[in-house]
Ligand SMILES: [Zn+2]
């Protein structure tokens, strides 16, 4: 339901096939632009997944929902926008956290090398000469490697929250007298 082969996607990782149609890259781009005041909040959005669509759209290119079944809306509902903020914050925390660990490794590893070699350890000049280049290389390598894993872990953690938010939204939406579709 969430996959459409004809949909152009710049970021493949935003298309996990887990039944949750949030967030299409276009919706994310829209919500980010709105939060920065760079785009108007109002527009035309799929009534199911809130992907920005045109008025002429009959089938959502992202989730496949026909506009005749669930009418398009003019504003993305607040809980959906909030879910994206949570997703992005969660991802950011993981990426930053892992990157910091990378910095720490980059600092501690050369220190261990210096302290582990008695000749080097006893000489300030020699110690610095060994520590500095190792630090420089490590600072480029470790934060990048750790950042890569932080990115993946962060996406998984964030995706879990987004799925939960989507499930809460669907319950709220589908209960009698729940959120109106327009
Ligand atoms: Zn849709």
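The values are calculated or read from the model by the stated rules, or taken from the named source; none is laboratory data. These figures come from a predicted structure and were not determined experimentally. Every residue, glycine among them, receives a Cβ derived from its backbone with ideal geometry; neighbour counts consider all protein chains shown.
Tabulated values for the structure
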read-out	value
Options 95, 101: the member that is closer than 30 Å to residue 21 by Cα, surrounded by 15 or more Cβ atoms within 10 Å (Cβ to Cβ) and under 21 Å from the mean Cα position of the chain (by Cα)	95
Residue in the stretch 55-72 that is touching a helix residue (DSSP H, G or I) at 6+ places or on another chain (Cβ under 6 Å), outside the structural domain of residue 140 (by TED's automatic domain parsing) and surrounded by 19 or more Cβ atoms within 10 Å (Cβ to Cβ) present	no
Answer from 16, 25, 10 - the residue that is within 14 Å of the ligand (Cβ to nearest atom), within 21 Å of the chain's Cα centre (by Cα) and at pLDDT below 95	25
The lone exception for residue 72 - which of (1) more than 14 Å from the ligand (Cβ to nearest atom); (2) at pLDDT 95 or above it fails	(1)
Sole residue being within 16 Å of the ligand (Cβ to nearest atom), assigned by TED's automatic domain parsing to the domain that holds residue 151 and out of contact with any strand residue (DSSP E or B) (no Cβ under 6 Å at 6 or more places or on another chain), chosen from 84, 115	84
Tally, over the stretch 24-48, of residues that are in a loop (DSSP other than H, G, I, E, B) and touching a helix residue (DSSP H, G or I) at 6+ places or on another chain (Cβ under 8 Å)	5
Residue 66 vs. criteria modelled with pLDDT of 95 or more, in contact with a strand residue (DSSP E or B) (Cβ under 7 Å, 6 or more places away or on another chain) and either farther than 30 Å from residue 141 by Cα or within 13 Å of the ligand (Cβ to nearest atom) (or both)	yes
